Amino acid sequence: MITYLVPYGYGEAELIEKRSRFIGRVWNTDSEAEALEHINDMRSKHWDATHNVYAYIIRENGIMRYSDDGEPSGTSGMPTLNVFRQEGIQNVCCVITRYFGGVLLGAGGLVRAYSAAAKMALDAAGISEMAEWRELLISCSYARYERIKRLMEEFSAVTENTDFGADVVIEALLREDRADEFSSKLTDITAGSAVCEVAGSCFKGVQIK
């Protein structure tokens, strides 16, 4: 089963370190051309910045690129890229704009600042899991609801909507490869009283963080 992580949306965050401003921006980016467009936009918008460091990862063709943009080699572009590699994020472009504050940070300080700015921007963007998802409709009694919620958390199911009527009806997404096991456990813990119907399936990104 194909599954991978991408940014959920656009994320922006700012870090101040010894009067230097580090503005991190993250985009979900499907192609190298799109990544370069974001980079060029930031260079144009922040033409007066000291540096516009970037890194991007494109899943198709396994593309990884970065630039220190004038910072000492290895202190900015690669640490930025490594944030996304360590998190397993693909189809991502990040630009970190630095306005120098007059105090040198040293190599270690630069690595920490760029890494922190990239992570803050990723946290602001959120993370989606691209996968084949099964769309479920789960009907249960109010007495069983809390137990089913815990089971859904155990299986990392994503609740789309919950209707509290005569019974509780939950619209949820669950990864295709976990759906059969979930259905079996649901039957076990509710003694067959809960009903789980498959409403469809889709391949898309669902926010998980």
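In table form, for the structure just shown:
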| quantity | calculated |
| --- | --- |
| With Cα atoms, 0 to 90° folded angle of helix 32-45 axis to the chain main axis | 50 degrees |
| Cα-based Lys pair tally, the chain, threshold under 29 Å, eight or more apart or on separate chains | 10 |
| Sorted by Cβ neighbour density within 10 Å, fewest at the top, the residues 94, 196, 202 | 202, 196, 94 |
| Euclidean distance between Cα centres, segment 76-97 to segment 162-204, Å | 36 Å |
| Rel. contact order, % - alpha carbon contacts under 8 angstrom, at least six apart, the chain | 26 percent |
| Surface/4 of the Cα convex hull for segment 168-208, nm² | 3.5 nm² |
| Where the Cα pairs of segment 129-209 fall when distances are cut into 5 Å bins, in % | 3, 16, 30, 27, 16, 7, 2 |
| Solution diffusion estimate, µm²/s, Stokes-Einstein, segment 53-99, Kirkwood Rh from C-alpha pairs, 20 °C, viscosity 1.002 mPa s | 201 µm²/s |
| Residue-averaged 222 nm ellipticity for the chain, from DSSP H runs of 4+ at -39500 (n - 2.57), nearest 500 | -11000 deg cm²/dmol |
| Cα centroid separation, segment 1-75 to segment 118-148 (Å) | 28 Å |
| For the chain, diffusion coefficient by Stokes-Einstein and Kirkwood Rh (Cα), 10 °C, 1.306 mPa s, µm²/s | 83 µm²/s |
| Calculated log₁₀ intensity ratio I(q)/I(0) where the Debye formula runs over C-alpha points of segment 4-125, q = 0.17, 0.18, 0.20, 0.22 Å⁻¹ | -0.74, -0.83, -1.03, -1.24 |
| Debye, to nearest 20: dipole size of the chain, +1 on Lys, Arg Cβ, -1 on Asp, Glu Cβ | 860 debye |
| Computed over segment 1-75, Cα set: Rg, Dmax in Å | 13.9, 47 |
| Degrees separating the helix 142-154 axis from the principal Cα axis of the chain, which is the longest one | 40 degrees |
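Read-outs throughout are calculated quantities, based only on the coordinates presented, and are distinct from any laboratory measurement. A quick note: this is a predicted structure, and the numbers were derived from the prediction, not measured. Every residue, glycine among them, receives a Cβ derived from its backbone with ideal geometry; neighbour counts consider all protein chains shown.
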